[in-house]
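The values are calculated or read from the model by the stated rules, or taken from the named source; none is laboratory data. Computed from a predicted model, the values in this text were never measured in an experiment. Note: ideal-geometry Cβ built from the backbone for every residue, glycine included; neighbour counts use all protein chains shown. In case anyone asks, the SASA skips ligands and DNA or RNA and just uses the protein heavy atoms, side chains included. Shrake-Rupley method; radii C 1.70, N 1.55, O 1.52, S 1.80 Å.
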Amino acid sequence: MGKLGRIWALPGALLVLAVAGCTGTPDDGPKPSVAPTSTGAPATAVARVCAKPPAGPEQAPAGAVSVDPAVVGDLAAKTESSPAGTTFWLRPGTHRLVPKQYAQVLPKKGNTYLGAPGAVVDGLKVNQYAFGGPAPDVTLRYLTVQGFIPPQDEGVVNNSSADGWVIEHNTIQKNAGGGMMVGARQKIRANCLRDNGQYGVNAYKDGDSIRGLLVEGNEVTGNNTDDWERKRPGCGCTAGIKFWAVNGADVRGNWVHDNRGAGLWADNNNNDFLFENNVIEANDGAGLMYETSYNTIVRNNTFRRNNVVEGRRLSDRGDTFPYATIYVSEAGGEPRIKARTNKIDIYRNLLENNWNGITLWENSNRFCNSPANTSTGYCTLLVKDTKSCAQPAIAKKPLYDDCRWKTQRVDVHDNRFTVDAAALGCTAECARSAVLSNYGTWPDWSPYKAKKVSDALIHKQQNRWYDNEYRGPWNFVADDPAVKIDSAQWQDAPYRQDVGSTFGQRAGG
């Protein structure tokens, strides 16, 4: 979902990846090691789990039920015949389900599944799902799960979005749809999530009841192999990880790279997120999209070489819109919604050789009950009845304000932006950051026509850049995507952005 009402797909062993100026240590879960950078600044380490996944136990733990890969359907059958809370140990080899479309493992409350070294659960492109059902508090560790074919927007592991699952040290790869779905209190740690047809993770649950999500130390790479945006243009149905209506999430220490679309995409009524100490690089689209959502912290991350594929393709077509590495679309801080912050606070990040920088966008035509709202049937978290956003009430406060997802209270500060346009192969529309809206036109009864939203976004909604460092030929866009302004114009009236920031033409350094 994005500008002009369309959905835009913007476009064991540890690998230490430097994040200049970053600090911070998770308070639970895996503790990746850190090492100083060449400049002496702290570095954040993220797990390179796909290269050498940690091995599970070579012997069955005491009391565990052993599962035989030579017996087709043994895993599902023993799960059914065992009581809740049982631990299952999958022997080395390829475990198969009964060759029927809907055959799957249906865990009971508190079950644990442990894979021996070389234990694989393979759907053989016959079974839709691997692990599902409503049982809470299930644990999966040290398994490879592959070859399943769920439908669009569905997932292979926890396909029913049950609550309290712990999914860690697994390789979930080469499935159609999403590698996994998400429930409340889910912990997704130290997994290799790669080469899935649509998403590595689809964090969606019926009823929008996901709270308390942890995504930590995972490698998320190569997802969207089925290229869904080409199959269904404008579907907004791709990303390394997609979040929908999640309230409270910590996303930290992940390596999100080389996905065929956005790296991370939080879409529709998400709130209270922390994106911290991630390395997000070489994704075809945006590194991070935060859309029609609220209250988040984005700090101490490294963004490298994102949006180069999609940015170049659109630029070559003459599209002047500043598709960004961090794309904030109709999202902002809202003090009335409880969270750890009442802003969108973007700070101490390194943005290096991305196609563009940060764009703050607000679609004038997109609001509750408008046909331009691609989140069909949804309203903001401030309005319960979508139909109340109609004339004449919408033309007056409080609905005039509350029927919109506003890009407001966004602080962009103490970040380092560096770009070498020649290395990117860019001669025109790159190396830009922006704050802009479109001219309001429809529907006919809209109270937001003309430049009402644009003027509010740029001058009244407390969006501020300050104390950033820029290296390279950076330009800026304010209001009109076809007009670039330089740093002096950006800092001068009427915009007065980037107070205290420094600018230099030399990239890197």
key: Number of the exception - residue 244 against (1) of a type in the set (A, V, I, L, M, F, W, C); (2) open to solvent by 10 Å² or more (accessible area, probe 1.4 Å); (3) over 10 Å from the mean Cα position of the chain (by Cα)   = (3)
ask   = Of the residues that make up region 323-341, is at least one among the polar types (S, T, N, Q), open to solvent by 10 Å² or more (accessible area, probe 1.4 Å) and within 18 Å of residue 291 (Cβ to Cβ)?
value = yes
ask   = Any idea how many residues of region 133-166 are open to solvent by less than 10 Å² (accessible area, probe 1.4 Å) and under 18 Å from the mean Cα position of the chain (by Cα)?
value = 2
key: Selected residue (criterion: least open to solvent (accessible area, probe 1.4 Å)) from residues of region 200-224 that are among the hydroxyl-bearing types (Ser, Thr, Tyr) and outside any strand (DSSP E or B)   = 209
ask   = Are any of the residues in region 465-478 over 25 Å from residue 344 (Cα atoms), open to solvent by less than 70 Å² (accessible area, probe 1.4 Å) and out of contact with any strand residue (DSSP E or B) (no Cβ under 8 Å at 6 or more places or on another chain)?
value = yes
key: Single residue of region 375-411 satisfying the filter (open to solvent by 40 Å² or more (accessible area, probe 1.4 Å) and within 22 Å of the chain's Cα centre (by Cα)) that is farthest from residue 497 (Cα to Cα)   = 376
Where residue 120 falls short, out of the listed (1) open to solvent by less than 10 Å² (accessible area, probe 1.4 Å); (2) assigned to a strand (DSSP E or B) = (1)
ask   = Got a sec? Which of 262, 249 is of a type in the set (A, V, I, L, M, F, W, C), assigned to a loop (DSSP other than H, G, I, E, B) and open to solvent by less than 10 Å² (accessible area, probe 1.4 Å)?
value = 262
message = Exactly one condition in (1) of a type outside the set (Phe, Trp, Tyr); (2) farther than 23 Å from residue 339 by Cβ; (3) crowded, with 24+ Cβ neighbours inside 10 Å is false for residue 227; which is it?
response = (3)
ask   = Among the candidates 311, 357, which residue alone is touching a helix residue (DSSP H, G or I) at 6+ places or on another chain (Cβ under 9 Å) and open to solvent by less than 30 Å² (accessible area, probe 1.4 Å)?
value = 311
ask   = Looking at 65, 105, 71, which one is out of contact with any helix residue (DSSP H, G or I) (no Cβ under 6 Å at 6 or more places or on another chain) and of a type in the set (A, V, I, L, M)?
value = 71
key: Meets criteria (hydroxyl-bearing (Ser, Thr, Tyr) and at pLDDT below 95) for residue 160   = no
Members of region 372-384 found to be at pLDDT 95 or above and over 20 Å from residue 438 (Cβ atoms), listed by number = 379, 381, 382, 383
key: Long-range neighbours under 6 Å by Cβ, at least six apart or interchain, first residue more than 19 Å from residue 227 (Cα to Cα) within region 174-186, second among the charged types (D, E, K, R) and in a strand (DSSP E or B)   = 184/211
key: Exclusive hit being closer than 25 Å to residue 174 by Cβ and not aromatic (Phe, Trp, Tyr), set 83, 107   = 107
inquiry  = From the list 149, 172, exactly one residue is closer than 22 Å to residue 253 by Cβ, at pLDDT 95 or above and of a type in the set (A, V, I, L, M, F, W, C). Which is it?
reply    = 172
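Condition check ((1) in a loop (DSSP other than H, G, I, E, B); (2) modelled with pLDDT under 90) across all residues:
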site	(1), (2)
9	yes, yes
41	yes, yes
60	yes, no
72	yes, no
76	no, no
79	no, no
85	yes, no
101	yes, no
109	yes, no
